[in-house]
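Below is one structure, written out as structure tokens; the observations come after it.
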Amino acid sequence: ADNGIGCAMMMAVLEDNLLNHAPIEALFTVDEEVGMDGAFGLQKGFLSGTVMLNLDTEEDGDLCVGCAGGTDVNVSFQFKPDEEIE
């Protein structure tokens with residue numbers, strides 16, 4: 001997480017000793033908006049978890065599954081159907 005709400009949520013879960021949960025790894029990154037420098041600086045194997053919950057979103061009240069940034073891909077191609085659909 002690199003936004004305030006995501007960071008606060010992770011810190012609250014980490015701090016709450018009454019919650020019953022498996023071990024948690026929390027990752028805070030920097031510079032997402034200018035090239036994902038923090039995330040791209042991670043070495044393979046830095047985290048050992050098998051489940052990821054991304055707490056970085058564009059809007060308050062939304063849950064992002066995946067990534068709010070990272071890579072933009074533009075694709076264009078010519079399309080001609082095998083058969084016309086009426």
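Before moving on, here are some points about what is shown:
- For the range 40-86, the set of residues classified as among the hydroxyl-bearing types (Ser, Thr, Tyr) and at pLDDT 70 or above consists of 48, 50, 76, listed by residue number.
- Residue in the range 1-50 that is farthest from the chain's Cα centre (by Cα), counting only those that are aromatic (Phe, Trp, Tyr) and surrounded by 10 or more Cβ atoms within 10 Å (Cβ to Cβ): 40
The values are calculated or read from the model by the stated rules, or taken from the named source; none is laboratory data. Only a predicted model underlies this, so the values are computations on that prediction, with no experimental measurement involved. With ideal geometry, Cβ positions are generated from the backbone for all residues, glycine too; neighbour counts draw on all protein chains shown.
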